[in-house]
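Heads up, the thing below is written out as structure tokens.
The values are calculated or read from the model by the stated rules, or taken from the named source; none is laboratory data. Remember, it's a predicted structure, so these values are computed and weren't measured experimentally. Quick reminder, even Gly has a Cβ in these numbers, built from the backbone with ideal geometry, and neighbours come from all protein chains shown. The area values use the complete protein model at the heavy-atom level, side chains included, leaving out ligands, DNA and RNA. Shrake-Rupley method; radii C 1.70, N 1.55, O 1.52, S 1.80 Å.
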Amino acid sequence: MKPNRRIQPVPMVMLTCIVMLTVFSTSAAQCPWPPCPDEPLEDLRGPPGKPGLRGPPGFPGLNGSPGLDGLPGKQGPVGPPGATGSRGEAIDGRPGEPGQDGLPGPLGLQGLPGVRGPKGDKAPPGEKGEKGDAGAAAAVRKVAFAATLLGQIYVEEPTTILFNETSINLGEGFDIETSVFSAPVTGVYVINFNGLSMLSVSASVKLVKNHQDNIGNAYGFSYRSYAAASLTAMVVLQRNDALTVVLQADKGLYGEPDQAYTFFSGYLLYEL
């Protein structure tokens with residue numbers, strides 16, 4: 001029995017050639033080469049391949065022609081000053097004729113005061129002058145008043161005392177209708193008040209300036225008799241300042257129709 005031989009495989013290249021030769025022979029029998037122009041060839045192209053690698057850059061091109069002139073630019077900044085030139089030669093000319101006198105200029109400003117000079121020698125005393133005439137006496141204002149109350153009064157609320165008559169009124173400062181004394185001039189005044197309380201009823205009065213400022217007070221009281229209530233004040237009054245005497249609430253002053261026990265008086269000590 002003969003040993004088996006191992007069949008060697010046919011190479012792929014040879015097999016491909018055999019197949020192509022067979023196809024070509026069959027096609028040649030149907031249409032001789034070159035192919036008939038009337039019959040279209042089958043498209044034997046395969047799918048497009050991948051793009052190849054980028055090739056090296058080409059050589060630089062030729063220089064182009066010069067461009068057109070551009071528009072003029074804006075004016076630049078001023079440059080620094082140039083160096084000073086050399087001085088020219090001076091040529092003495094002939095003196096000109098004198099010109100006409102100009103107009104006078106404006107008055108200048110006043111100058112500063114000068115330095116004080118030294119003190120001069122003392123002059124001898126002059127002769128004694130004659131005695132002059134006597135001057136007129138200075139006018140002195142006279143202001144004084146005195147008012148009295150006749151009869152008795154009793155009040156339940158603070159009330160300005162209305163006096164009945166005046167015995168003196170120099171300067172016309174006291175008004176008998178209102179019993180208000182108005183200072184005719186500015187000065188220092190001395191003011192007095194004197195009154196008498198009723199039986200078992202106290203007397204309390206206030207001296208008031210301009211109907212609101214309390215200047216002084218007077219008080220008198222006795223259970224079984226009469227009591228005096230008096231005050232004296234020295235006060236500065238401006239012109240037209242007013243003084244009144246106010247009897248307090250539930251108080252009284254004694255008097256008779258023909259006998260005065262209540263007085264209000266004052267006078268100007270000196271004018272300011």
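Observations on the model:
- Enumeration of residues in the range 146-163 that are surrounded by fewer than 16 Cβ atoms within 10 Å (Cβ to Cβ) and of a type in the set (Phe, Trp, Tyr): Tyr154
- The residues listed here are Thr166, Thr186; of these, the one that is free of Cβ contacts under 8 Å to residues at least 60 places away in the same chain, open to solvent by 20 Å² or more (accessible area, probe 1.4 Å) and within 16 Å of Gly266 (Cβ to Cβ) is Thr166.
- Strands (runs of 3 or more DSSP E) contained in the range 164-207 and holding at least 2 residues within 19 Å of Tyr254 (Cβ to Cβ): 187-196
- Selection count, the range 220-272, where residues are in contact with a Pro (Cβ under 8 Å, 6 or more places away or on another chain) and open to solvent by 40 Å² or more (accessible area, probe 1.4 Å): 2
- One residue stands out in the range 208-233 among those that are within 14 Å of Gly252 (Cα to Cα) and assigned to a loop (DSSP other than H, G, I, E, B): the one that is farthest from the chain's Cα centre (by Cα), namely Ser225.
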